[in-house]
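Since the structure comes first, as structure tokens, the remarks are kept for the end.
A short reminder: the numbers here are calculations on the coordinates, not readings from a lab. Quantities reported herein were computed from a predicted structural model and do not represent experimental measurements. We place every Cβ from the backbone using ideal geometry, glycine too, and count neighbours over all the protein chains shown.
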Amino acid sequence: MKNIKLLIMVGILAITVFSASAADLTADEIVSKANQASYYAGKDGSAKAHMELSDGRTRDFVILRKNTENSADQKFYVYFNGPADVRKMAYLVWKKPSGDDDRWLFLPALNLVKRIAPGDKRTSFVGSDFYYEDVSGRGLDADMHELIETTDTQYVVKNVPRDPSTVEFSSYTVWIDKDTFLPRQAEYTDAGGVVYRRLTADDIQIIQGYATSMKQKAEDIKTGSSTVITFSEISYDQGFQDQIFTERFLRRPPREATR
């Protein structure tokens with residue numbers, strides 16, 4: 001009986017400590033953990049993606065990502081396998097949270113490598129409802145974060161841009177799972193406080209120990225258009241070489257992107 005009582009007390013203590021720890025997290029800490037879970041799983045990663053737009057168009061592409069050691073900088077390489085109008089197109093990002101990202105887009109029809117201006121981060125990604133910034137992430141210091149609600153399963157964080165002139169939204173609210181710290185929904189509001197855009201992440205699976213969203217959706221509430229991306233063949237910690245993420249491979253994709 002004494003042992004049972006001791007176990008119960010230990011269990012209660014553990015729950016209390018966990019709850020206190022969770023409650024002590026600040027909005028900035030929650031957003032940092034969510035950013036880590038969303039974009040930094042493993043040292044690198046790859047995935048195949050199938051994109052479906054509500055107007056019937058599709059896109060098939062491969063995403064490669066490599067973290068920079070001892071830094072929040074990252075490199076992303078996106079190669080399009082189809083359909084014909086985007087086949088062999090490639091997109092390269094050198095993400096720099098402390099400054100402006102470097103971004104390039106290879107247009108095979110013109111045999112042209114186009115440098116994407118930093119101000120284009122919140123424009124359509126290859127004609128979809130996702131933005132370029134959705135693919136590689138937004139800098140943590142770009143917004144002020146406020147924890148506005150805590151439920152049994154989620155943190156709800158409101159984010160207000162530090163420089164409103166650089167974005168089209170006045171604020172956005174994110175619902176973040178407590179157990180995985182993956183953002184499950186984000187809603188963007190305009191200057192009038194009306195929600196005009198929504199992102200959702202579903203079908204959460206554990207892959208190589210990392211919680212991973214296998215399906216994501218972007219919706220333009222004002223126009224009614226939407227885009228769904230379904231991921232497959234996700235893999236982490238493959239040991240990608242830095243040379244993959246260079247401008248020379250935009251015209252000549254590495255085998256990791258085409259296999």
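Do the alpha carbons of any pairs in Lys33/Lys222; Lys114/Lys158; Lys88/Lys222; Lys66/Lys222; Lys96/Lys215; Lys33/Lys114 sit beyond 29 Å of each other, and which pairs?
Values: Lys33/Lys222 31 Å; Lys114/Lys158 35 Å; Lys88/Lys222 32 Å; Lys66/Lys222 35 Å; Lys96/Lys215 26 Å; Lys33/Lys114 33 Å.
Distance filter (> 29 Å) returns Lys33/Lys222; Lys114/Lys158; Lys88/Lys222; Lys66/Lys222; Lys33/Lys114.
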Problem - GNM flexibility winner over the chain from Leu140, Leu110, Leu182 (Cα, springs under 10 Å) - result: Leu110
Exercise for the section: Could you state the angle between the C-alpha long axis of helix 27-39 and the longest principal axis of the C-alpha atoms of the chain, as a value from 0 to 90 degrees rounded to the nearest 10? Expected result: 50 degrees
Practice task
Can you run the Rg to Rh ratio on the range 178-219? Use alpha carbon positions and the Kirkwood inverse-distance Rh.
Solution key: 1.12
Fill in the blank from the handout: Spelling it out for Leu182: with amide H atoms placed in the peptide plane at 1.01 Å from N, the residues 5 or more places away or on another chain with amide H under 5 Å from its amide H are Asp177
Exercise for the section: Two decimals is fine: what is log10 I(q)/I(0) at q = 0.19 Å⁻¹ for the range 39-143, from a Debye sum with one equal scatterer on every Cα and no solvent? Expected result: -1.02
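Over the alpha-carbon set of the range 155-259, divide Rg by the Kirkwood Rh and report the Rg/Rh ratio to two decimals. Write out the running numbers ahead of the final one.
Working: Rg = 17.6 Å, Rh = 16.6 Å.
Ratio value, two decimals: 1.06.
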Exercise for the section: Answer with one residue from Ala90, Leu182, Thr227: the one whose Cα lies farthest towards the positive end of the charge dipole of the range 42-258, charges on Cβ with Lys, Arg +1 and Asp, Glu -1. Expected result: Ala90
Problem - HN-Hα J in Hz across the range 98-113 - Karplus 6.51, -1.76, 1.60, θ = phi - 60°, x for Gly and Pro - result: 8, x, 6, 6, 9, 9, 9, 10, 9, 9, x, 4, 9, 6, 10, 9
Problem - Note, ³J(HN,Hα) from phi for the range 204-212, Karplus 6.51, -1.76, 1.60, rounded to Hz, x at Gly and Pro - result: 7, 10, 9, 10, 6, x, 10, 5, 9
Problem - Under 20 Å from Lys178, Cα to Cα: aspartates and glutamates that are on another chain or at least 8 residues apart - result: Asp24, Asp28, Glu29, Glu146, Glu149, Asp152, Glu187, Asp202, Asp203
Fill in the blank from the handout: In vacuo Debye sum over C-alpha of the range 42-258, base-10 log of normalised intensity I(q)/I(0) at q = 0.10, 0.16 Å⁻¹, listed in q order, is -0.45, -1.26
Completion exercise
Once phi for every residue in the range 85-96 is put through the Karplus expression 6.51 cos²θ - 1.76 cosθ + 1.60 (θ = phi - 60°), the whole-Hz ³J(HN,Hα) values, with Gly and Pro written as x, are 6, 10, 4, 6, 5, 9, 10, 10, 10, 9, 7, 10
